[in-house]
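K.L.:
The structure follows.
The values are calculated or read from the model by the stated rules, or taken from the named source; none is laboratory data. Fair warning: this is a prediction, and the values are worked out from it, not measured in the lab. Every residue, glycine as well, gets a Cβ built from its backbone with ideal geometry; the counts of neighbours run over all protein chains shown.
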Amino acid sequence: MAGAVPASEILAYRIIWSFVFMVAIIAILGKTKEVWTEIISILKRPKLIVAISVASVLITANWFIFIFTVNDGHVISASLGYYINPLVNVLLATVFLKEKLSRGEMLAVLSAAIGVLILAIHQGIFPWAAISMAVTFGLYGLIKKISTHQRVGWAND
């Protein structure tokens, strides 16, 4: 049944309803003033606006790829993306955040990479959707990590 609904429409509903519920929860918690203060603070920082915008595009692309892939009947490929993602996160952290891996951690990453490679080979096709999902989510996480923006108190409650 979900296959009859275009991925773009499912994504649009997900965005709209997430926004509606977020606004409702903020209002119910009485945090409207804090949210507006934070929005104004963000609008005064152009680099932060760019970072948030790029992160938004990446997470939207990630959701679209996931929905499209599942809708197209390639659930295993979508699942493979969630196995590849931690490997992408490790790669991004070592390259951009200069994190160092111990020998044990390197062995664990290598073992996981071999397992993911075996799963990908068994699919019989290049796992473009899985890799795209892993890369978009990994880059989203990296941008959120290196962004100098600190979440406001209401977001941590």
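K.L.:
Which condition number does Thr136 fail, the rest of (1) under 30 Å from Ile26 (Cβ atoms); (2) at pLDDT below 95 being met?
P.N.:
(2)
K.L.:
While we're on this one: List pairs: first in the range 35-56 and touching a residue at least 60 places away in the same chain (Cβ under 8 Å) and farther than 25 Å from Gly138 by Cα, second of a type outside the set (D, E, K, R) and in a helix (DSSP H, G or I), Cβ under 6 Å, 6+ apart or cross-chain?
P.N.:
Pairs that qualify, where the first residue is touching a residue at least 60 places away in the same chain (Cβ under 8 Å) and farther than 25 Å from Gly138 by Cα and the partner is of a type outside the set (D, E, K, R) and in a helix (DSSP H, G or I), are Val35/Ile26.
K.L.:
Right, next: Residue check: is Ala78 within 30 Å of Leu43 (Cα to Cα), out of contact with any strand residue (DSSP E or B) (no Cβ under 9 Å at 6 or more places or on another chain) and either part of a helix (DSSP H, G or I) or not aromatic (Phe, Trp, Tyr) (or both)?
P.N.:
Judged against the criteria, Ala78 is not a match.
K.L.:
Which one of the conditions (1) of a type outside the set (Gly, Ala, Ser); (2) closer than 30 Å to Arg45 by Cβ; (3) buried (at least 16 other Cβ atoms within 10 Å of the Cβ) does Ile84 fail to meet, given that it meets all the rest?
P.N.:
(2)
K.L.:
Among the residues of the range 20-52, what is the count of those that are at pLDDT below 95, within 30 Å of Ser132 (Cβ to Cβ) and surrounded by fewer than 12 Cβ atoms within 10 Å (Cβ to Cβ)?
P.N.:
Going through the range 20-52 one residue at a time, the tally reaches 2.
K.L.:
Quick one: would you say Val109 is in a helix (DSSP H, G or I), within 12 Å of the chain's Cα centre (by Cα) and surrounded by fewer than 17 Cβ atoms within 10 Å (Cβ to Cβ)? Walk me through it before giving the result.
P.N.:
On the way: in a helix (DSSP H, G or I): yes; within 12 Å of the chain's Cα centre (by Cα): no; surrounded by fewer than 17 Cβ atoms within 10 Å (Cβ to Cβ): yes.
Spelling it out, it is not the case that Val109 is in a helix (DSSP H, G or I), within 12 Å of the chain's Cα centre (by Cα) and surrounded by fewer than 17 Cβ atoms within 10 Å (Cβ to Cβ).
K.L.:
While we're looking at this one, here's another question. Does the range 85-98 contain at least one residue that is in a helix (DSSP H, G or I) and closer than 30 Å to Ala4 by Cβ? Quick ask: steps written out before the conclusion?
P.N.:
Start the filter on the range 85-98 by keeping residues that are in a helix (DSSP H, G or I), which leaves 85-96.
So of that shortlist, the ones also closer than 30 Å to Ala4 by Cβ come out as 85.
There is at least one residue in the range 85-98 that is in a helix (DSSP H, G or I) and closer than 30 Å to Ala4 by Cβ.
K.L.:
Here is a further query. Going by the conditions given, is Ser102 surrounded by fewer than 17 Cβ atoms within 10 Å (Cβ to Cβ) and either in contact (Cβ under 8 Å) with a residue 40 or more places away in the chain or among the hydroxyl-bearing types (Ser, Thr, Tyr) (or both)?
P.N.:
Working: surrounded by fewer than 17 Cβ atoms within 10 Å (Cβ to Cβ): yes; either in contact (Cβ under 8 Å) with a residue 40 or more places away in the chain or among the hydroxyl-bearing types (Ser, Thr, Tyr) (or both): yes.
Yes; evaluated as a whole, the condition is true for this residue.
K.L.:
Considering only the range 120-131, state which residues are outside any loop (DSSP other than H, G, I, E, B) and buried (at least 16 other Cβ atoms within 10 Å of the Cβ). Before the answer, list the steps.
P.N.:
Start the filter on the range 120-131 by keeping residues that are outside any loop (DSSP other than H, G, I, E, B), which leaves 120-123, 128-131.
Within the range 120-131, Ala120, Ala129, Ala130, Ile131 qualify.
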